[in-house]
Amino acid sequence: MIDATTTTPDPASAVPYQRLDFVLDAEHEAHQPPEIGKGRRRDDVRLLVSVGDAAPVHTRFAALGEFLAAGDLVVVNTSATVPAAVDGRLPDGDPIVLHFSGEMPGGEVLVEVRQPVAGTTAPRFVDAPVDVDLLGAGRVRLHAPFAGSRRLWLASADLAGAPDLPTFLAGHGRPIRYRHVPRDWPIEAYQTVFAREPGSVEMPSAARPFTTELVTDLVGRGIAVAPLLLHTGVSSLEGDERPYPERYRVPRATADAINGTRQNGGRVIATGTTVVRALATVTDDRGVVHPGRGWTEVMVTPDTPVRSVDGLITGWHEPESTHLMMLEAFAGRAALESAYRAALAGGYLWHEFGDSHLIVRADASR
């Protein structure tokens, strides 16, 4: 059992990385859940399949099982999304919105400070520690920027008597929403079919296209599904921001299922970057996965691949997102560039309500 906070060097100094060169415009953004008003299911979104250096294949997410095989294992995140955006007010009366990014190992909370702008929010850069009034629902004290970030603060919170942060947010928050989604949607739109334990402040969105029908299809094909937990914080790291701690738990049964799958020649497919991070934290140098729990700050890069994972189901990431380093660890640079060119040319949609990408390592194809 691994039970510790895992740390990594600052990626700005340890991982030189050339970002993908593309511009994401509004026509490639998903503005609402795909099933709204169209009579479609979640698994009707598009899926681009990248296997090694082969030309990308265009299909629908409902056809996922056609690209896997009996004996493969799909690992999913069972974290449920909490409504983590809470209105507040600075001492000078200016309205702000706090995005709670979860609890830290030492008991503090990590928050992102934003300001209301034209029906959405934008970053609000605060210069010094300050108290934030949550409009009578509690108070938050901003203590210090997290690891030199301009947008993330270490804070302490008086949560109006709530026993924990998820309970407080359930009573006072709303789902985090950015400018590409022009209206609020209920929290149910931000839950996956696997969601069980509240704690993620943004949806583990790679699993959103799964439906009960698709899971049944996978199981019927001899493809197993195994759970783990990682409570994800606010949106993916930008620029050279270092990873922040996120709470995870990998059960022994899941570790055993992964090890058994690989020993029997099957492939392990991670559903989302959250699953990859959790597994990277508990995989040893031999590629063996151990049960574990705690906080992880692991960052997966082309120089630090995860030997226990053969493929990745993910969404489409912005050019400044450090998640692209993780994708390159699976696809390689040339294949990743090819996939993103194909997605842009083909009109694929980005963000949490958008389309999907299945990446399988060349040496893991069957």
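Nothing in this text is a laboratory measurement; each read-out follows from the coordinates by a stated rule. All values reported here derive from a predicted model rather than from experimental measurement. In this analysis, Cβ positions are derived from the backbone assuming ideal geometry, glycine residues included, and neighbour counts consider all displayed protein chains.
Annotations for the structure displayed:
- Added length on full extension, which subtracts the Cα-Cα distance from 0.36 nm per residue, residue 284 to residue 307: 7.4 nm
- Directionally averaged shadow of the chain, computed from the convex hull of its alpha-carbon atoms, nm²: 17.5
- Kirkwood estimate for the stretch 226-356, i.e. one over the average of 1/r between Cα atoms, Å: 15.4
- By average C-beta atoms within 10 angstrom, highest first, the peptides 333-345, 350-362: 350-362, 333-345
- Taking the chain as a Gaussian network of alpha-carbon nodes connected by springs under 10 Å, the highest mean-square fluctuation of the residues 96, 313, 269 belongs to 96.
- Note, ³J(HN,Hα) from phi for the stretch 147-162, Karplus 6.51, -1.76, 1.60, rounded to Hz, x at Gly and Pro: 6, x, 5, 8, 10, 10, 10, 7, 8, 10, 9, 9, 9, 6, x, 5
- Were the residues from residue 133 through residue 26 laid out at 0.36 nm apart, the gain over their Cα-Cα distance would be 35.1 nm.
- Per-residue ³J(HN,Hα) for the stretch 331-348, Karplus 6.51 cos²θ - 1.76 cosθ + 1.60, θ = phi - 60°, Hz, x for Gly and Pro: 8, x, 5, 5, 5, 5, 4, 4, 5, 5, 4, 5, 5, 5, 5, x, x, 5
- Cα shape, the stretch 169-309, gyration tensor, a/c 1.5 rule: oblate
- Residue 92 paired with residue 69, simple spin-label distance in nm, labels 7 Å along Cα-to-beta-carbon: 6.3
- Mean projected area of the Cα convex hull of the stretch 85-172, taken over all directions, amounts to 5.6 nm².
- Backbone N atoms of the stretch 149-163 closer than 18 Å to the 7 Å Cα→Cβ label point of residue 126 belong to residues 149-160.
- Near the amide H of residue 222, within less than 5 Å, lie no amide hydrogens of residues on another chain or at least 5 residues away, with H placed in the peptide plane.
- Stretched out straight at 0.36 nm per residue, the stretch from residue 44 to residue 213 would grow longer than its current Cα-Cα span by 59.7 nm.
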